[in-house]
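A.B. asks: What follows is a single structure, and I will ask about it in a moment.
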Amino acid sequence: MGTGNDHKYNEAREILGEYGIELERLSIERVEIQADEPEAIAEYSLKILNMDIPLLIEDAGLYIDKYQGFPGPYSSYVLRAIDNEGILKLMEGDGDRGAIYLSAIAYRDGDITATFRGEVKGEIAHEKRGTGGFGYDPIFIPTEGDGRTFGEMGVDEKAKISHRARAFKQLAEWLVKQV
């Protein structure tokens, strides 16, 4: 897996490990294009990496309904620039707080390529809650949960419903069938 994010790598490694699949981390520089969908970003990054090993790239983002999916593909930049407090300030007083967390994985092994997408619907909290997770986890409340943010959930609990977990489970199930 090519990622500079420790949290993403650890989450992916744990999920794939449940299927008996080992994941190694590669420190690579990748070009991340700007596109509307995380699949396009992950697929492009994978396409330009000229490596003769099985490889996967994951891209994720937070898509806020009221703002037509913003920050979406700019999620990393927005998090660095204004952090969760900036998103909360932007949405202050808004009744429409719907959002979707999306994750896309592009996988390649020789001539075989596949892309997997995971998503979880939810809403943006009114304040940061919890110290777990990373990124937007302290402000994202999944619809399928009990009203807590991802930041308030334990790693195992979050992995049952997260966007990334869903995408990696799809990849794992597909890989198991390929053998």
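A.B. asks: On the given criteria, is G130 touching a Pro at 6+ places or on another chain (Cβ under 8 Å), assigned to a loop (DSSP other than H, G, I, E, B) and closer than 26 Å to K160 by Cβ?
C.D. replies: yes
A.B. asks: Also, quick follow-up: Return the residue satisfying two criteria in turn: it lies in segment 111-145 and is of a type in the set (A, V, I, L, M) and without any contact (Cβ under 8 Å) to a residue 60 or more places away in the chain, and of such residues it is surrounded by the most Cβ atoms within 10 Å (Cβ to Cβ).
C.D. replies: We begin by selecting, within segment 111-145, every residue of a type in the set (A, V, I, L, M); these are 112, 114, 120, 124-125, 139, 141.
Adding the requirement that they be without any contact (Cβ under 8 Å) to a residue 60 or more places away in the chain leaves 120, 125, 139, 141.
Details: V120: 22, A125: 23, I139: 27, I141: 20.
If we take residues in segment 111-145 being of a type in the set (A, V, I, L, M) and without any contact (Cβ under 8 Å) to a residue 60 or more places away in the chain, then I139 is surrounded by the most Cβ atoms within 10 Å (Cβ to Cβ).
A.B. asks: If you take the residues in segment 122-138 that are closer than 9 Å to E152 by Cβ and out of contact with any Phe, Trp or Tyr (no Cβ under 9 Å at 6 or more places or on another chain), which one is modelled with the highest pLDDT?
C.D. replies: Here the answer is R129.
A.B. asks: Within the set of pairs 6+ apart or on separate chains, which have a first residue in segment 88-110 that is under 19 Å from S75 (Cα atoms), a second that is surrounded by 14 or more Cβ atoms within 10 Å (Cβ to Cβ) and polar (S, T, N, Q), and C-beta atoms under 9 Å apart?
C.D. replies: From residues that are under 19 Å from S75 (Cα atoms), the pairs are Y101/S162; S103/S162; A104/T115; I105/T115; I105/Q170; A106/S45; A106/T115.
A.B. asks: Continuing with this model, one more query. Filter segment 28-74 down to the residues that are part of a loop (DSSP other than H, G, I, E, B) and among the aliphatic types (A, V, I, L, M) and list them by number.
C.D. replies: I28, V31, I33, A35, L49, M51, I53
A.B. asks: Out of curiosity, is R148 out of contact with any Ser or Thr (no Cβ under 9 Å at 6 or more places or on another chain), touching a residue at least 40 places away in the same chain (Cβ under 8 Å) and closer than 30 Å to E173 by Cα?
C.D. replies: No, not satisfied.
A.B. asks: Of the numbered conditions (1) over 19 Å from N10 (Cβ atoms); (2) in contact with a Lys or Arg (Cβ under 7 Å, 6 or more places away or on another chain), S103 fails exactly one; give the number of that condition.
C.D. replies: Failing condition for S103: (1).
A.B. asks: Now a separate question. Do we have E123 as in contact with a Lys or Arg (Cβ under 7 Å, 6 or more places away or on another chain) and either more than 14 Å from I15 (Cβ to Cβ) or not in a loop (DSSP other than H, G, I, E, B) (or both) here?
C.D. replies: yes
A.B. asks: Check whether at least one residue in segment 84-103 is closer than 19 Å to H7 by Cβ, assigned to a helix (DSSP H, G or I) and among the polar types (S, T, N, Q), and report yes or no.
C.D. replies: Yes, the conditions are met somewhere in segment 84-103.
A.B. asks: Among all residue pairs at least 6 apart or on different chains, which show Cβ distances below 6 Å where the first residue, located in segment 154-173, is in contact (Cβ under 8 Å) with a residue 12 or more places away in the chain and the second is surrounded by fewer than 17 Cβ atoms within 10 Å (Cβ to Cβ) and part of a loop (DSSP other than H, G, I, E, B)?
C.D. replies: Correct list of pairs: I161/E144; A172/Y19; A172/I21.
A.B. asks: Identify all residues within segment 139-179 that are assigned to a loop (DSSP other than H, G, I, E, B) and on the phi < 0 side of the Ramachandran plot; write none if there are none.
C.D. replies: Of the residues in segment 139-179, the ones assigned to a loop (DSSP other than H, G, I, E, B) are 143-149, 153-154, 160-162, 179.
Residues satisfying the conditions are T143, E144, G145, D146, R148, T149, M153, G154, K160, I161, S162, V179.
The values are calculated or read from the model by the stated rules, or taken from the named source; none is laboratory data. Since the structure is predicted, the reported quantities are computational estimates derived from the model, not experimental observations. With ideal geometry, Cβ positions are generated from the backbone for all residues, glycine too; neighbour counts draw on all protein chains shown.
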